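The values are calculated or read from the model by the stated rules, or taken from the named source; none is laboratory data. Bear in mind the structure is a predicted one, so any value in this text is a computation, not a measurement. Using ideal geometry, Cβ is built from the backbone for each residue, glycine included, and neighbour counts are taken over all protein chains shown. Only protein heavy atoms, including side chains, enter the accessible area calculation; ligands, DNA and RNA are left aside. Shrake-Rupley method; radii C 1.70, N 1.55, O 1.52, S 1.80 Å.
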Amino acid sequence: MLKLLNVEKQYDNGVSALKNVTLTVEQGEFVYLVGQSGAGKSTLIKLLYRELIPTKGFIQINNFDLRQMKERQVPQLRRTLGVVFQDFKLLPKMTVAENIGYALQVIGKSDTEIESAVQQVLEEVGLAEQATHFPDELSGGQQQRVAIARAIVNRPKVLIADEPTGNLDPQTTEGIMEILQRINDSGTTIIMATHNQQIVDELPHRVIEIADGQIVRDEQGGQYTHEV
Ligand code: ADP
Ligand code: ADP
């Protein structure tokens with residue numbers, strides 16, 4: 001369902017951020033992307049939701065060929081993906097419900113459909129009472145739950161997360177990981193870049209380690225650090 005073949009990404013300034021990356025992820029997998037700062041994790045994540053286009057190679061996700069596809073097809077691709085960021089990226093002037101419902105409004109869902117979908121995801125992330133709050137009235141952990149609710153409201157096949165717990169304390173992190181695990185249990189593929197050793201070691205899943213733009217380890221149920 002997700003396939004990269006000999007993918008390279010070179011930035012305009014000449015930095016080669018990814019080199020010859022080949023990778024397959026099946027529907028329903030949970031994958032941690034680990035590696036030092038500057039290794040290329042964010043670049044890989046951005047290629048997956050087509051924020052970036054590869055310099056070379058082939059990327060296919062949910063049957064979209066990301067290199068060949070037309071610009072006008074990008075919204076269709078994005079509807080099959082949910083994306084969550086370290087800094088939440090909620091719209092500050094919209095309520096929680098509006099932040100979540102906005103994407104559904106854009107694709108022309110009716111108000112009743114939106115209302116029920118928003119209520120449903122808010123219950124799933126434990127924020128049913130906060131629908132009418134604004135982001136700055138919520139804690140960091142609550143804001144990330146809203147961002148996750150927004151990412152899954154379309155029921156995407158893949159949820160992509162770039163350091164989703166990077167701004168959160170350990171206890172809040174645990175709550176976010178419980179939610180992501182539940183989403184994965186329901187069949188959604190999860191690709192998550194993280195620096196958090198405790199998460200990777202305590203909630204084992206496939207670990208893909210990137211160093212200097214290349215995959216140096218790909219291990220089922222791996223730990224954060226590699227025994228040499
Ligand atoms: P990570 O997410 O693992 O910290 P990144 O993917 O952000 O790594 O960065 C990989 C490499 O690409 C680094 O050398 C970084 O400086 C470089 N890089 C990232 N974004 C850009 C950009 N927009 N322009 C030029 N170089 C970039
Ligand atoms: P992250 O590792 O989460 O991407 P960074 O602080 O490395 O966070 O990067 C923040 C932003 O700056 C990203 O959009 C990244 O693409 C960009 N960036 C990173 N390194 C460079 C670079 N060397 N030149 C230009 N932009 C960069």
Next item on the list: Give me Rg over Rh for the chain, both radii from the alpha carbons and Rh done the Kirkwood way, two decimal places.
Entry: 0.96
Next item on the list: Please give the net charge around Ile210, taking every other residue with its beta carbon less than 15 angstrom from that of Ile210, where Lys and Arg add +1 and Asp and Glu add -1.
Entry: -1
Margin query: Given contacts defined as C-alpha pairs under 8 Å and at least six residues apart, what's the relative contact order of the stretch 120-205, whole-number percent?
Written below: 30 percent
Notebook entry, point to check: Roughly how many Å² is the accessible area per residue of the stretch 87-225, as a whole number, for a 1.4 Å probe?
Noted result: 49 Å²
Next item on the list: Please compute the net charge surrounding Gln76, taking Lys and Arg as +1 and Asp and Glu as -1 over other residues with Cβ under 12 Å from its Cβ.
Entry: +4
Next item on the list: Could you work out the Rg to Rh ratio of the stretch 14-77, with Rh taken as the Kirkwood radius (inverse of the mean 1/r over all Cα pairs)?
Entry: 0.95
Notebook entry, point to check: Percent antiparallel among DSSP beta bridges with both residues in the chain, to the nearest 5?
Noted result: 50 percent
Check: Taking K and R as +1 and D and E as -1, what net charge do the other residues with C-beta under 11 Å from the C-beta of Gln143 add up to?
Finding: 0
Notebook entry, point to check: Semi-axes of the equivalent ellipsoid of the stretch 67-148: what are they in whole Å, largest first, if each equals the square root of 5 times a C-alpha gyration tensor eigenvalue?
Noted result: 24, 16, 11
Next item on the list: Write down the Å³ per residue value for the convex hull defined by the alpha carbon atoms of the stretch 136-192.
Entry: 74 Å³
Margin query: Take Tyr102 and Arg217, extend 7 Å from each Cα along the Cα→Cβ direction, and tell me the distance between the two endpoints in nm.
Written below: 3.8 nm
Checklist line | Accessible surface of the stretch 121-189 [probe 1.4 Å, protein heavy atoms]: carbon and sulfur percent | finding: 43 percent
Notebook entry, point to check: If you count the DSSP beta bridges with both ends in the stretch 95-228, what percent of them are antiparallel, to the nearest 5?
Noted result: 50 percent
Next item on the list: With springs only between Cα atoms under 10 Å apart, run a GNM on the chain and tell me which of Ala193, Ala147, Ala17 wobbles the most.
Entry: Ala17
Item checked: Computed label-point distance, nm, for sites Glu26 and Thr80 using a 7 Å Cα→Cβ extension -> 1.9 nm
Next item on the list: Taking the dipole about the Cα centre of the chain, with the C-beta of Lys and Arg at +1 and of Asp and Glu at -1, give me whichever of Asn6, Leu33, Pro135 is farthest to the positive side.
Entry: Asn6
Item checked: Pairwise centroid distance, computed over Cα atoms, of the stretch 61-134 with the stretch 173-196, Å -> 17 Å
Notebook entry, point to check: What dipole magnitude, in Debye to the nearest 20, does the chain give about its Cα centre under +1 on Lys/Arg Cβ and -1 on Asp/Glu Cβ?
Noted result: 1120 debye
Checklist line | Partners for Lys109 among lysines (Cα-Cα distance below 24 Å; same-chain residues under 8 apart left out) | finding: Lys89, Lys93, Lys157
Next item on the list: Evaluate the Debye formula for the stretch 1-133 with equal point scatterers sitting on the alpha carbons, no solvent, and hand back log10 of I(q)/I(0) at q = 0.16, 0.17 Å⁻¹, in q order, two decimals.
Entry: -0.97, -1.04
Margin query: Explain nothing, just the number: relative contact order of the chain, from Cα pairs under 8 Å at least 6 residues apart, as a whole percent.
Written below: 28 percent
Note to self: What FRET efficiency comes out for Tyr11 versus Glu137 if R0 is 45 angstrom and r is the Cβ-Cβ distance? Round to the nearest 0.05.
What the structure shows: 0.75
Checklist line | Accessible-area value, Thr22, 1.4 Å probe, nucleic acids and ligands omitted, Å² | finding: 80 Å²
Next item on the list: Sort the following peptides by mean Cβ neighbour count (other Cβ atoms within 10 Å, averaged over residues), highest first: 92-98, 153-159, 181-187.
Entry: 153-159, 92-98, 181-187
Notebook entry, point to check: How much of His205 can a 1.4 Å solvent probe reach, expressed as accessible area in Å² and rounded to 10?
Noted result: 30 Å²
